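Please read the structure below before turning to the comments.
Every read-out reported here was derived from the displayed coordinates using simple, explicitly stated rules and does not represent laboratory data. From a predicted model like this one, the values you see are computed outputs, not experimental measurements. Counting neighbours? That spans all protein chains shown, and the Cβs are built from the backbone with ideal geometry, glycine included.
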Amino acid sequence: MSLEPIHSSSHSSTYPSELPLSKVSHEVPRISIATLTPDLFIRRYRMPGVPVILTGMISPEQDWTLNFLSERLKQQEFLLRRYGKERYQQDKRTWTSIGSGVPPESRSFLDYAELLRSGEAQEQDIYLAKCSIHPTPLAKTEAVEAIAAHLETLGLHQPASSLNLWIGPGGHTECLHYDPTDGTLIQLHGSKQVALFPPSQTSNLYPFPFYVHLWHGMRVRSWFSRVYPDRPDFEAFPKLRHALSDRYDLVLKQGEILYIPAGWWHEVTALGDEMVCSLNRFWQVPPRRALLSWPRWRVFLGSACALPNVGLSLVRAFFSRDRQQKIKEILQMF
Ligand SMILES: O=C(O)CCC(=O)C(=O)O
């Protein structure tokens, strides 16, 4: 990888002064679509699994403001995650739900827009995460069609998910985790701070063990970390020092796309005080990299461990009074 370490200005002040390793952060390259050929993308980034920021794929007029979204999404229902303001003060080892495992609340988009405008979404950390845009008019917008065409040209034509919306208040953090598929994070309003760690740092980032799924099903996830990279507790997590010396930091700006290869750890924070909006899509991983990736195998082992618990929850949901809603909530965890 031709990525040179640079001194980190945004995070160095949060590390304790006794940190023995050099306080450095690596840089993720930015490449314009005007100069990136499909061959270059495949050889340099997709085959080896190296992150890159792609620029010039989205015209600057494509700004998905809260008004733009409200006009199109109106009364459409979305599942929201209410994380609550205390969550990030807690020891993650005490959490009983994470990410898509957090019990969702169904609200119309206009209700959510009101929560964003009033400040309640920020106060209570309420996030509209990973909701497919396919049942919405957004799927037919110029921006979405242009992005799909550009990504297809780069050789990304085996999606592993639909295009998903991520909308939330400034300040929200989607905590440190990795995905078993390649991802593209597409920034459509506002900016996001992203911290990345390579798959080789997996054990130094203290993921929840894969057998955690035996008793938590898919509510807790073994592909999430138990550490806070910006508030390291070296007594509880001594190996975290090594991971911090292999950290990449970037700010993803409106109109940019971040390619996150499978297994790369990422923590994503919405910047500013206003609403921030992204799309993402997951992609199948090239077979050789897929086969050799231990973080991916961990996800499959964890998911297999979850099966008895999920099966039991489905049976309970089937016999409950609000059967349809309960089953929908269990299925959205996948
Ligand atoms: O944007 C976010 O809040 C999280 C996105 C994410 O985790 C992803 O694209 O894989």
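List the trypsin sites (Lys or Arg not before Pro) within the stretch 84-146 that fall in a DSSP loop (any state other than H, G, I, E or B) and whose Cβ has at most 16 other Cβ atoms within 10 Å.
LYS85
Counting other C-beta atoms within 10 Å, and keeping those with at most 14, which DSSP coil GluC sites (Glu not before Pro) do you find in the stretch 36-130? Mind dumping the intermediate values first?
Details: sites: GLU61, GLU71, GLU77, GLU86, GLU105, GLU114, GLU120, GLU123; in loops: GLU61, GLU86.
Loop-located and lightly packed - GLU61, GLU86.
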Which residue, PRO103, PRO232, PRO137, has the most motion in a Gaussian network model of the chain that connects Cα atoms within less than 10 Å?
PRO137
For the stretch 254-334 the GluC sites (Glu not before Pro) that pass both the DSSP coil test and the at-most-10 other-Cβ-within-10 Å test are none
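For the stretch 114-180, compute the orientation-averaged projected area of the C-alpha convex hull (one quarter of its surface), in nm².
On the way: hull surface 24.8 nm².
Projected area, direction-averaged: 6.2 nm².
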Name the residue, out of SER320, SER293, SER32, whose mean-square fluctuation peaks in a Gaussian network model built on the chain with Cα pairs under 10 Å.
SER320
Would you compute, for the Cα atoms of the chain, the largest minus smallest coordinate along each principal axis and list the three values in descending order, in whole Å?
56, 47, 42
Only Lys, Arg, Asp and Glu count, each charged at its Cβ (+1, +1, -1, -1), so figure out the dipole size of the stretch 5-331 about its Cα centre, rounded to 20 debye.
1180
Would you work out which of THR96, PRO169, LEU291 lies farthest towards the positive end of the dipole of the chain? Charges go on Cβ: Lys and Arg +1, Asp and Glu -1.
LEU291
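Give the dimensionless ratio obtained when the Cα radius of gyration of the stretch 267-334 is divided by 2.2 N^0.38 Å. Before the final figure, lay out each step's value.
Values: Rg = 17.6 Å, N = 68, 2.2 N^0.38 = 10.9 Å.
The reported ratio for this selection is 1.61.
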One finds the C-alpha centres of the stretch 55-69 and the stretch 230-280 to be spaced, in Å, by 23
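For each pair in LYS239/LYS326; LYS92/LYS140; LYS74/LYS192; LYS239/LYS328, compute the distance between the two Cα atoms and list the pairs where it is over 32 Å.
Values: LYS239/LYS326 40 Å; LYS92/LYS140 39 Å; LYS74/LYS192 25 Å; LYS239/LYS328 39 Å.
Flagged as over cut-off: LYS239/LYS326; LYS92/LYS140; LYS239/LYS328.
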Mean separation of Cα contacts under 8 Å (6+ apart) over length of the chain, as relative contact order %
25
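Work out which helices of the chain, taken as complete DSSP H runs, extend at least 15 Å along their axis over the Cα atoms and score a mean Kyte-Doolittle of 0.0 or more, then list them. Can you show the working numbers first?
Values: long enough: 142-153 (17 Å, 0.44); 294-318 (35 Å, 0.68).
Taking the DSSP H segments of the chain (at least 15 Å long, mean hydropathy at least 0.0), we get 142-153, 294-318.
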Expected 222 nm ellipticity per residue - DSSP helices of 4 or more, -39500 (n - 2.57), all of the chain, to 500
-7000 deg cm²/dmol
Stokes-Einstein D for the stretch 30-83 (25 °C, 0.890 mPa s, Kirkwood Rh from Cα pairs), in µm²/s, comes to 168
